[in-house]
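Report on one structure; see the data block that follows.
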Amino acid sequence: MSGTLYGIGLGPGDPELLTLKAVRVLSSVPAIAYPVPDSGHSMARAIAAPHLRPGLAEIAFGLCMRIDSAPGQAAYDEAADAIAAYLDGGRDVALLCEGDPFFYGSFLYLFERLAGRFRVDIVPGISSPMAAAAAMRTPLARRNETFAVIPAPLSDAQIAARLAVADAFCIIKLGRHLARIRALLDRTGLADGSCYLAHVSTPQETIMPLRDAPATAPYFSMIVGHREGVA
């Protein structure tokens, strides 16, 4: 009998922001799998660390965070093969996913490769916009307001079109796009009502008005704004 693949949502960074189910699975599975970026430090592994039992097997796989998707696809193929070997042997595997498994995560690509062959159990996690709202002490949206989550790598025209129909917004995957996005929000009159956040829920958490944001931003950063201004 094949093992079960668990997609474990780890939340935004604080190891205490995991569900009871996520902790239960992490404390019982014989193997975990997680991505290791070019920097060599796995944030997913670090978040899960307090909840892992000693002696479990670990499947670390590299991901290429570059515009060209070809290297990344090969890494997903290799990771899927490594995970499948454990599942074929009847061992469960918990795949560690920052945030939520189905919210812009790398889990999506491994799910596509493995779900047709193995049982998959997905454990939702707290996504970064929700954690940002809690850190800011500001609602993301009220009553009938619309809320948009917008990836920063989109073109200015695409982002502007989405901002035009949203009452509130969160621009994620900010990183090297910060200067361009800040200029766009200036042109659309939304900069003053926007807040810059980085590493939400971790000891490195940073929250400030977008006007005061640094010149460069880490990948784990975002801009949250509202047409009436962030309270």
Please compute the modelled spin-label separation between residue 53 and residue 16, points set 7 Å along Cα→Cβ, answer in nm with one decimal.
2.5
If each residue of separation counts as 0.36 nm, what is the full-extension length gain between residue 164 and residue 91 once their alpha-carbon separation is subtracted?
21.4 nm
Per GNM of the chain with C-alpha springs under 10 angstrom, the most fluctuating residue out of 109, 196, 34 is 109
Extension gain, residue 24 back to residue 81 (0.36 nm per residue minus Cα-Cα distance, nm):
18.0 nm
The chain: angle of helix 178-187 to the longest principal axis, Cα-based, in degrees nearest 10:
40
Note the full-extension length gain between residue 104 and residue 154 as 0.36 nm times their separation in residues minus their Cα-Cα distance, in nm to one decimal.
16.6 nm
Roughly speaking, what is the centre-to-centre gap between region 162-231 and region 138-158 when only Cα atoms are used, to the nearest Å?
11
Would you kindly derive the ³J(HN,Hα) couplings of region 147-155 from the backbone phi angles with the Karplus curve 6.51 cos²θ - 1.76 cosθ + 1.60 (θ = phi - 60°), listing them in order in whole Hz, with x for Gly and Pro?
10, 10, 9, 10, x, 4, x, 4, 5
Long-range HN-HN contacts of residue 149 with modeled amide H, under 5 Å:
170
Please report the orientation-averaged projected area of region 79-133, defined via the convex hull of its C-alpha atoms, in nm².
3.7
Based on DSSP, what percent of beta bridges with both residues in the chain are antiparallel, to the nearest 5?
35
Can you tell me the convex hull volume per residue for the chain, based on C-alpha atoms, in Å³ to the nearest whole number?
134
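Laboratory data are not the source of any read-out in this text; all were calculated from the coordinates shown. This one's a predicted model, so the numbers in the text were calculated from it and none came from an experiment. Virtual Cβ from ideal backbone geometry, glycine too; neighbours counted across all protein chains shown.
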